[in-house]
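Step one of this worksheet: look at the structure below.
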Amino acid sequence: MSRQRFRNVLVLTGDPSLQDPSKPGSRYSEYDLRYYDAMRAALWSLGQYRFEFFNDHSRLLERLLSEPPEFVLNFCDTGFRNVPEHELHVPALLEMLGIPYSGAAPAGMVMCYDKAIVALVSKDLGIPVPAEIYVGAGAKQDILNGFDYPGLIKPNRADGSIGITRDAVVADARQAQAHVAEVRKQLPGCDVLVQEYLPGPEYGLALIGNPGSGFEVFPPLTVDFSGLPEGWPPILGYESKTDPSSPYWTGTHIQPAKLDDDTYAELTGASKRLFERLQCRDYARFDFRAAADGTIKLMEVNPNPAWDFEAKLALMAGFAGKAYSELLEMILEAAQVRIVARE
Ligand SMILES: Nc1ncnc2c1ncn2[C@@H]1O[C@H](COP(=O)(O)OP(=O)(O)O)[C@@H](O)[C@H]1O
Ligand SMILES: [Mg+2]
């Protein structure tokens, strides 16, 4: 039985003509454009669909109204008009217009965008998370004194690892204060988390599918940090995603994780529970890291993970022997199976 339900697919992505605050200089880079071209080529190689590609956000509403697409592959991970807080506006708009689409609905995006909320839900599900304090815009400075350092500082709500740099790993309250101020230079007034620094191995896990129909789990990844200069904290922060000249880009490598059966079961079980509870749909990626005592803790849930061929999701598909085009096809199929089941 063919799982194909919609033949005509509108592929929606970020708008390269607009600024994007999560990118260096707020500009699309040659990498972004290369990823976009590769994505188009991979989709075209799937003969059975007809694709149209759309990234002009100023004309989005008009286009959706004048010629409602049969189905939208929502690869807009930048937010409407590249405003990260408006990532949910795209699925919200599609819902309002009754247009079927892939990926998380607004509710899932809202919950996962707030890392402190994800941590609360995770705890409630019995999934370990790093100890953390939430530093709201109006919090008193001395809130940072009561933490058991070393810590890692990150914006509570942001995209693309903004603010997660070498100095984000802090040894004491004074360093924490300095980095919170630094993060707020980039994101004025933002709420910030100080988390227990997790020094152990980092893991990533991807699920494709949905709770009703079951999941495909790709082989999990781990990160090889051994190419970093002596003394650089091993993190996959902002430079690892944006600066090809940084040792964080050149000296970190994603590779398949070697997990024993119990750990594998624990991470897949946790990911499936989080997927359902946080209302992910069709595909999602989960980031974990081990604490000093070996306990593996959740760092974040990505309901709209990067779709490019060099992103963690595609690398994990590759570990399973799947070509990039097959990954994209699996996402399309997962969405269509879900939509057909609901009809
Ligand atoms: N509590 C932590 N301890 C150690 N490293 C962390 C911690 N939180 C984040 N990191 C590092 O920073 C990276 C990015 O953090 P993450 O929470 O996944 O945010 P995002 O990917 O949205 O920027 C992680 O992949 C990891 O390398
Ligand atoms: Mg992450």
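The values are calculated or read from the model by the stated rules, or taken from the named source; none is laboratory data. Remember, predicted model here, so these are calculated numbers, not experimental data. For neighbour counting, all protein chains shown are included, and Cβ atoms are generated from backbone atoms with ideal geometry for every residue, glycine included. To get the accessible areas, we keep the full protein, side chains included, count just its heavy atoms, and leave off ligands, DNA and RNA. Shrake-Rupley method; radii C 1.70, N 1.55, O 1.52, S 1.80 Å.
Taking the residues in the range 219-235 that are within 16 Å of ligand 2 (Cβ to nearest atom) and either in contact with a strand residue (DSSP E or B) (Cβ under 6 Å, 6 or more places away or on another chain) or modelled with pLDDT under 95 (or both) as candidates, determine which candidate is nearest to Pro24 (Cα to Cα).
Among them, the one singled out is Pro233.
With the range 85-137 as the region, which helices (runs of 4 or more DSSP H) entirely inside it contain at least 2 residues that are open to solvent by 30 Å² or more (accessible area, probe 1.4 Å) and among the charged types (D, E, K, R)?
Answer list for the range 85-137: 115-124.
Check off (1) modelled with pLDDT of 95 or more; (2) open to solvent by 50 Å² or more (accessible area, probe 1.4 Å); (3) away from ligand 1 (no atom under 16 Å from the Cβ); (4) not basic (Lys, Arg) for Ala292 and give me the number that stays unchecked.
Status for Ala292: all satisfied but (3).
For the range 70-84, which residues satisfy the criterion of being open to solvent by less than 20 Å² (accessible area, probe 1.4 Å) and farther than 16 Å from Ala158 by Cα?
Phe71, Val72, Leu73, Asn74, Phe75
List every residue pair whose Cβ atoms sit under 8 Å apart, with the two residues 6 or more apart in sequence or on different chains, where the first one lies in the range 104-122 and is of a type in the set (Gly, Ala, Ser) and the second, anywhere, is open to solvent by 20 Å² or more (accessible area, probe 1.4 Å) and assigned to a helix (DSSP H, G or I).
Ala105/Glu95
Specify which of the listed residues (Gly200, Gly189) is over 20 Å from the mean Cα position of the chain (by Cα), of a type outside the set (Phe, Trp, Tyr), within 11 Å of ligand 1 (Cβ to nearest atom) and in a loop (DSSP other than H, G, I, E, B).
Result of the check over Gly200, Gly189: Gly200.
Would you confirm whether or not the range 75-85 contains a residue that is farther than 24 Å from Glu276 by Cα and at pLDDT below 95?
no
If you scan the range 239-252, which residues turn out to be away from ligand 2 (no atom under 16 Å from the Cβ) and either among the small types (Gly, Ala, Ser) or outside any helix (DSSP H, G or I) (or both)?
Pass one, the range 239-252, residues away from ligand 2 (no atom under 16 Å from the Cβ): 243-247, 250-251.
Residues satisfying the conditions are Asp243, Pro244, Ser245, Ser246, Gly251.
If I go through the range 265-282 residue by residue, how many of them are away from ligand 2 (no atom under 15 Å from the Cβ) and closer than 20 Å to Asn74 by Cβ?
5
What number of residues within the range 223-233 are closer than 25 Å to Glu196 by Cβ, part of a loop (DSSP other than H, G, I, E, B) and more than 11 Å from ligand 1 (Cβ to nearest atom)?
The initial filter retains those residues of the range 223-233 that are closer than 25 Å to Glu196 by Cβ, namely 223-226, 228-233.
Okay, now just the ones that are also part of a loop (DSSP other than H, G, I, E, B), so 225-226, 228-233.
Pick out the ones that are also more than 11 Å from ligand 1 (Cβ to nearest atom) and you get 226, 228-232.
Residues in the range 223-233 being closer than 25 Å to Glu196 by Cβ, part of a loop (DSSP other than H, G, I, E, B) and more than 11 Å from ligand 1 (Cβ to nearest atom): 6 in total.
Looking at the range 270-295, which of its residues are within 19 Å of Leu120 (Cβ to Cβ) and not in a helix (DSSP H, G or I)?
The answer is Leu278, Gln279, Cys280, Ala284, Phe286, Asp287, Phe288, Arg289, Ala291, Thr295.
I want to confirm something. Restricting to the range 41-56 and keeping residues that are assigned to a helix (DSSP H, G or I) and out of contact with any strand residue (DSSP E or B) (no Cβ under 6 Å at 6 or more places or on another chain), which single residue is nearest to Arg5 (Cα to Cα)?
So in the range 41-56, the residues assigned to a helix (DSSP H, G or I) come out as 41-44.
Retained after the next criterion (residues that are out of contact with any strand residue (DSSP E or B) (no Cβ under 6 Å at 6 or more places or on another chain)): 41-42, 44.
Values: Ala41: 21, Ala42: 19, Trp44: 17 Å.
Only one residue tops the list, namely Trp44.
Residues of the range 60-84 being in a helix (DSSP H, G or I) and either among the acidic types (Asp, Glu) or farther than 24 Å from Arg27 by Cα (or both), which ones?
Glu62, Arg63, Leu64, Leu65, Ser66
Which condition does Glu326 not pass, out of (1) closer than 16 Å to Gly214 by Cα; (2) away from ligand 2 (no atom under 16 Å from the Cβ); (3) not in a loop (DSSP other than H, G, I, E, B), if it passes all the others?
(1)
From the list Leu313, Leu298, Leu259, Leu236, pick out the single residue that is of a type outside the set (Gly, Ala, Ser), within 14 Å of ligand 1 (Cβ to nearest atom) and in a loop (DSSP other than H, G, I, E, B).
Leu236
Restricting to the range 4-24, and then to whatever is modelled with pLDDT under 90 and either of a type in the set (Gly, Ala, Ser) or within 14 Å of Pro100 (Cβ to Cβ) (or both), can you tell me which residue is least open to solvent (accessible area, probe 1.4 Å)?
Ranking the candidates gives Ser22 first.
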